[in-house]
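What follows is a short report on a single structure.
The values are calculated or read from the model by the stated rules, or taken from the named source; none is laboratory data. Keep in mind the model is a prediction, meaning the values are calculated, not measured. Heads up, the Cβs are rebuilt from the backbone with ideal geometry, glycines too, and the neighbour counts pull from every protein chain shown. Just the protein is used for accessible areas: all its heavy atoms, side chains included, with ligands, DNA and RNA removed. Shrake-Rupley method; radii C 1.70, N 1.55, O 1.52, S 1.80 Å.
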Amino acid sequence: MTTNETAASVLFTRDARGYDDLRRRLIPSFDEFYGTAVKLIQEWQSGANLEVLDVGAGTGLFSAMVLEACPVERLCLLDGSSAMLEQACARVGPKVEVELHHADMAVADLGGPWDLIVSALAIHHLSDEGKRVLYGRIRHALKPGGLFVNAEQVAGPGAAADQRYQKIWLEGIRRLGVSDHEIDKAAERMLHDKCASVEDQLCWLRDVGFSDVDCSFKAWRFAVISGRA
Ligand SMILES: C[S@@+](CC[C@H](N)C(=O)[O-])C[C@H]1O[C@@H](n2cnc3c(N)ncnc32)[C@H](O)[C@@H]1O
């Protein structure tokens, strides 16, 4: 662990080995969830070689999908876990020149301006105020017309919905063969989750100046939200 690692990132460093293997089984709607996020990017992209930032890139899972789908000239991966970034570098490094940014997204310099900023399952580790501030910084780090896509774990509109999401998620991942030990480890990581509702997050995106704000996919606690700078 280095001083840049946040409490959430420490657990991702611990569980970095085997992360990719488990990912598909921990997200019952995996293909549609990431697939919608990639489709949004394909619908928007102009054909030019893109400069892309991935916030909370982890092992580069989402970035690798973006690379498959679009021409990317420059890719920066930002994450608080060095072990996750090492795996990301091995995964996407051969395909594109990649910059690794080991930092806390709450305070990191986002650089830019970027054509595209993506994030998956990461921003929910920040407080609601932290998310709002980050959305504003992301808006300012984008080129005019640039796109932000956040494939995210979200809260329900109330406690009853959250209980429903939890029950349906547990049923889904058990069906996919996730063991009790893996569920315990995921639950420990999820203690750091501070999920916000889709409704709130769409408002925050509009408040900081994004246009064409939308939720293109939602299946229980997994949603894809986006906006244009
Ligand atoms: C569930 S993983 C998602 C990784 C990847 N985006 C994906 O789709 O598989 C969450 C990632 O967010 C990172 N993370 C959590 N809090 C962070 C923070 N404050 N700053 C930077 N990275 C953070 C963790 O280290 C971890 O790699």
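Computed over region 40-102, the alpha-carbon pair-distance distribution with 10 angstrom bins reads 24, 56, 18, 1, each value a whole percent.
Ordering Cys215, Cys76, Cys203 by how much accessible area each has at a 1.4 Å probe, largest first, what is the list?
Largest accessible area first, the residues go Cys203, Cys215, Cys76.
Within the same chain, lysines fewer than 8 places from Lys39 are excluded, and of the rest, those with a Cα less than 19 Å from its Cα are Lys218. Orientation-averaged projection of region 7-228 equals 10.8 nm² [convex hull of Cα atoms, one quarter of hull surface area].
Note on the chain: with a GNM built from Cα contacts shorter than 10 Å, the maximum mean-square fluctuation among Leu202, Leu147, Leu85 falls on Leu202.
So how strong a dipole does the chain carry about its Cα centre when Lys and Arg Cβ are +1 and Asp and Glu Cβ are -1, to the nearest 20 debye?
360
Taking every DSSP helix (H) stretch of at least 4 residues in the chain, weighting each as -39,500 (n - 2.57) and dividing the sum by the residue count yields a mean residue ellipticity at 222 nm of -14000 deg cm²/dmol. The loop-placed trypsin sites (Lys or Arg not before Pro) in region 66-133, going by DSSP, include none that has at most 12 neighbouring Cβ atoms within 10 Å of its Cβ. Simple rule: put +1 on each Lys or Arg Cβ and -1 on each Asp or Glu Cβ in the chain, find the dipole, and look at Trp220, Gly136, Tyr19; the Cα lying farthest toward the positive end is Trp220. Rolling a 1.4 angstrom probe over the protein heavy atoms with all chains in place gives the chain an accessible area of 45 Å² per residue. Sorted largest first by accessible area at a 1.4 angstrom probe radius, with every protein chain in place, the residues Asp214, Asp184 fall in the order Asp184, Asp214.
Loop only by DSSP, 12 or fewer other Cβ within 10 Å of the Cβ. Give me the trypsin sites (Lys or Arg not before Pro) in region 1-64 that pass, ordered by residue number. Answer by residue number: Arg17. When nucleic acids and ligands are ignored and a 1.4 Å probe is applied, Met190 ends up with an accessible area of around 50 Å².
Rounded, prolate or oblate: which fits region 16-120, taking a ≥ b ≥ c as square roots of the Cα gyration tensor eigenvalues, rounded meaning a/c under 1.5, else prolate when a/b beats b/c? In terms of gyration-tensor shape, oblate.
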